Amino acid sequence: MSKRDYYDVLGVQKSASADDLKKAYRKLAMQYHPDRNQGDKAAEQKFKEVSEAYDCLKDEQKRAAYDRFGHAAFEGGGGGRPGAGPGGFDFGGGFADIFDEMFGEFMGRGRGGAPGQSNNRGNDLRYNLEISLEDAFKGNTTQVRVPTSVMCDPCGGSGAEAGSSPTTCTTCNGAGKVRAQQGFFTIERACPTCGGAGRVIKDPCRHCGGQGRVRKEKTLQVNIPAGVEDGTRIRLAGEGEAGLRGGSPGDLYIFLSLAPHRFFQRDGANLHCRVPIPMTVAALGGNVEVPTIDGNRAKISVPAGTQTGHQFRLKGKGMSVLRSPARGDMYIQVVVETPVNLTKRQQELLKEFDKEAEAGHNPESEGFFAKVKELWADLKD
Ligand SMILES: [Zn+2]
Ligand SMILES: [Zn+2]
């Protein structure tokens, strides 16, 4: 099953802004909305497709993942999400806001699915993953081991012992709901026998105790796109906890954090690095080699007379930018180090050096102390 490109679905350019996307989506969603196309299967399909495309592209992180990996970014090992209830749409989490905004008035609130489907959904899981700045720079594929629940194999997730199968609940005839007359009102509530599932298990699976899922550690691959920021959230749809008795699985959210780096501080796409240089290099000039985030070296030539705090900019040597071939810059701030533990000879040389001193060698301190003198002179008057 090949899926259409999300940008094509919405009829926008890859460079479309969030506003363009929203406009395109609104137009198409209005056009294909099921309320306006009762019983039109093709329109329903279109509507789903448009919603799915927008749901992905409106989220900056998902869009980044999509741009980089295409549809594969959202497919777990199983190939797509089995959770969509029969007959109902499975709108991703973010759909409701716009949906309500546009159609809320005449759609009502209920988004009903199949009986028992929603409350059997597996839990979403969160996994905290710390990555190095290098990995954030170049992107990476890493494996995570997540303690979770997976579908029980022997019963295929049904919860019924092999050889048997769940039977339709006789109390509610599979509807999952029962009606009771109370005075003038008919009250509908979840079926007390099957708990809303519509089916009952007479002979529960021994392996999972009738749950349809078992605890297990799962190993998953996580693709980290180059340029990710600290705090980025990656959603692996359907990779959360398995659902109860065949219910749809939850999602797995990977929360990325960046480990502090030995040399670099990140500021968006730029990197900052503080480099101490010997006093002699600062005074006489010279070359200094510094590491770069891509694993190479960069040479900076320090001109004679360089002061502490001077900043060098290495263009294009910063971080990679999400969804872009661009790179930020690297800023080197030099700190001139005053030598310590001098030998007798070094001290003599420096004293001799000092004897040579004339006005103009230390313009900053000369200027400063000249002003201090003026201040003291003014105070005397
Ligand atoms: Zn089982
Ligand atoms: Zn029932």
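Things worth noting here:
- Restricting attention to the chain, close to 75% of DSSP beta bridges with both partner residues there are antiparallel.
- For the chain, the share of alpha carbon pairs falling in successive 10 Å distance bins from zero is 4, 15, 19, 18, 13, 9, 8, 6, 4, 2, 0 percent.
- Segment 308-381 - percent relative contact order, Cα under 8 Å, separation 6 or more: 21 percent
- Take every pair of alpha-carbon atoms less than 8 Å apart whose residues are at least six positions apart; their mean separation over the length of the chain yields a relative contact order of 15 percent.
- GNM top mover of Gly231, Gly318, Gly212 - the chain, alpha-carbon springs below 10 Å: Gly231
- Peptide ranges 5-12, 18-25, 345-352 listed from the most packed, as the mean C-beta count within 10 angstrom indicates: 5-12, 18-25, 345-352
- Structural descriptor for segment 254-309: relative contact order 25 percent, calculated from alpha carbon pairs under 8 angstrom and at least 6 residues apart.
- Bins of 10 Å from zero: percent of alpha-carbon pairs in segment 1-43: 27, 43, 28, 2
- Helix axis angle, 60-69 relative to the chain longest principal axis, alpha carbon, degrees: 90 degrees
- Gap separating the Cα centres of segment 341-361 and segment 138-212, nearest whole Å: 86 Å
- Listed residues Leu350, His361, Ala282: farthest to the positive end of the dipole of segment 276-361 (Cβ charges): Ala282
- The helix-based estimate of mean residue ellipticity at 222 nm for the chain, built from -39,500 (n - 2.57) per DSSP H run of four or more residues and divided by its residue count, is -8000 deg cm²/dmol to the nearest 500.
- Dipole check for the chain: with +1 at the C-beta of Lys and Arg, -1 at the C-beta of Asp and Glu, and the Cα centre as origin, the magnitude is about 1360 Debye.
- Against the chain, whose longest principal axis is taken from its Cα atoms, helix 363-380 shows a tilt of about 80°.
- For segment 271-371, dividing the convex hull volume of the Cα atoms by the residue count gives 132 Å³ per residue.
- Dipole of segment 177-228 computed with +1 at Lys/Arg Cβ and -1 at Asp/Glu Cβ about the Cα centre; of Pro204, Val222, Thr186, farthest Cα towards the positive end is Pro204.
- Quotient of Cα Rg and 2.2 N^0.38 Å for segment 194-328, N being how many residues it contains: 1.88
- Exceeding the 30 Å Cα-Cα cut-off - candidates Lys14/Lys317; Lys177/Lys202; Lys344/Lys373: Lys344/Lys373
- Under a model in which nothing but the beta-carbon of Lys, Arg (+1) and Asp, Glu (-1) is charged, segment 152-260 shows a dipole of about 460 debye around its Cα centre.
- Highest average packing first - 195-206, 217-228, Cβ atoms within 10 Å: 195-206, 217-228
- Cross-link reach list, aspartates and glutamates versus Lys41, counting only Cα pairs under 20 Å and skipping chain neighbours closer than eight places: Glu49, Glu52, Asp90
- Dipole check for segment 291-381: with +1 at the C-beta of Lys and Arg, -1 at the C-beta of Asp and Glu, and the Cα centre as origin, the magnitude is about 760 Debye.
- Around Leu28: net Lys/Arg minus Asp/Glu count, Cβ-Cβ under 14 Å: +3
- Evaluated over the Cα positions of segment 315-365, the convex hull gives a direction-averaged projected area, one quarter of its surface, of 6.7 nm².
- Degrees between helix 41-57 axis and first principal axis of the chain (Cα, 0 to 90, nearest 10): 20 degrees
Rule-based calculations on the coordinates, nothing more; no lab input. Remember, it's a predicted structure, so these values are computed and weren't measured experimentally. Counting neighbours? That spans all protein chains shown, and the Cβs are built from the backbone with ideal geometry, glycine included.
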